[in-house]
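Heads up: the structure comes next, in structure tokens.
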Amino acid sequence: MSLSERLARASDRFYDRMRSPQARDIAAATPTGSPDNLRRHKYCVVVTYKKSGEPVPSPVWFGVGRGKVYFNTGATAAKVKRIKRNPEVCVAPATSRGRPLAAPFVGTARIVPPEEEAEAERWLRANYGLGRRLYSRFIGRVANVYVEVTPTPRG
């Protein structure tokens, strides 16, 4: 395992310990939100589900474009495995520790194919500017994937 991969895993473990206890509350909240609620926020919490149905919240950097939410994560991250098994997710604006700031929305997540990654990165950069470019230089050494979340229509 490379130094970049070890640093990424250590960072993940750190953030897991720092996560707000309220992050799990999103899974039980009434999904009345929409991707528009994410505007002007720098973090959102994405809830994925284990085989048992247990919710797992993850605060992430994100971008919004074409009515969809985009984020990236390590290709071997547990949330990628969970999304592949069950693409239903719950998303809400949040603090960096995952404390929800507004109502969530339910969506369907998919791993973005390589030919669409540039567009996903464009939406992320639009939300973060220079900070995203600097961060991308660091994570560029770690295998990662982009995830697209399409809101599920209510009704």
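A few points about this structure:
- Within the accessible area of the stretch 16-69, the carbon and sulfur atoms contribute 49%, probe 1.4 Å, all protein chains present.
- Gained length - ALA103 relative to ARG125, 0.36 nm times residue gap less alpha-carbon distance: 5.5 nm
- Theoretical gain in end-to-end length, GLU88 to GLU115 [0.36 nm per residue, Cα-Cα removed]: 7.4 nm
- Cut-off under 5 Å, modelled amide H: who pairs with ALA94 long-range: TYR43, CYS44, VAL45, LEU101
- Gained length - ALA75 relative to SER52, 0.36 nm times residue gap less alpha-carbon distance: 6.1 nm
- Each other residue within a Cβ distance under 14 Å of LEU101 adds +1 if Lys or Arg and -1 if Asp or Glu, for a net charge of +3.
- Cα gyration tensor shape for the stretch 86-131, rounded if a/c is under 1.5, else prolate or oblate: oblate
- Modelled FRET efficiency - R0 22 Å, THR152 with ARG6, Cβ distances, 0.05 increments: 0.05
The values are calculated or read from the model by the stated rules, or taken from the named source; none is laboratory data. Keep in mind that what you see is a predicted model, and the values were worked out from it rather than measured. Note that we place each Cβ from the backbone using ideal geometry, even for glycine, and neighbour counts take in every protein chain shown. Side chains are part of the model used for accessible areas, which takes the heavy atoms of the whole protein and leaves out ligands, DNA and RNA. Shrake-Rupley method; radii C 1.70, N 1.55, O 1.52, S 1.80 Å.
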